[in-house]
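Asks: Could you have a look at this structure, given as C-alpha cells, before my questions?
The values are calculated or read from the model by the stated rules, or taken from the named source; none is laboratory data. What you see is a predicted model, and the numbers here were worked out from it, not measured in a lab. For neighbour counting, all protein chains shown are included, and Cβ atoms are generated from backbone atoms with ideal geometry for every residue, glycine included.
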C-alpha cells in the first residue's frame, strides 16, 4: 500500500503487512526522551487529578464521619442495623464476585474460540 498524499513514507506502516519490530519501532520516541518539564507537567496533572477527585472527597467523608468523635463513629458501625447492612453487603459480594468471574471466563473463552476460528479460515 502506498502512503496517502502528504504522509511521511518512513512513518507509514500498512495494516495487514508484516513489518520487522525494529523497523516499526524505529520512529517511536521513548518516554524518557520527552523534556523534563513535560514529564513534570504530566505527573503534576495526574497527581492533581487524584487529589481533586479521590483524596479531597475521601478526606471529606472521614472528616464528616469522625466529626463528633471516634467513639460515636464506632458506636454507629457496631449497631445492629450497621452489622446487618455489612452482612448483606458481604453476602452480595460473595455472590457477585464468583458470578462475575464465571461469566468473564466464559466470555473470554468464547472470544478466543471465535478469533481462533477466524484465523484458521
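Asks: Among (1) at pLDDT 70 or above; (2) in a helix (DSSP H, G or I), there is one condition residue 67 misses while meeting the rest; what is its number?
Replies: (2)
Asks: Still on this model: In this structure, does residue 55 turn out to be exposed (fewer than 11 other Cβ atoms within 10 Å of the Cβ) and free of Cβ contacts under 8 Å to residues at least 40 places away in the same chain?
Replies: No, not satisfied.
Asks: Turning to a different aspect of this structure: Output the qualifying pairs, or none if there are none: Cβ atoms under 8 angstrom, residues six or more apart or on different chains, first residue in the stretch 94-111 and part of a helix (DSSP H, G or I), second residue exposed (fewer than 10 other Cβ atoms within 10 Å of the Cβ) and at pLDDT below 95.
Replies: Close Cβ pairs satisfying both conditions: none exist.
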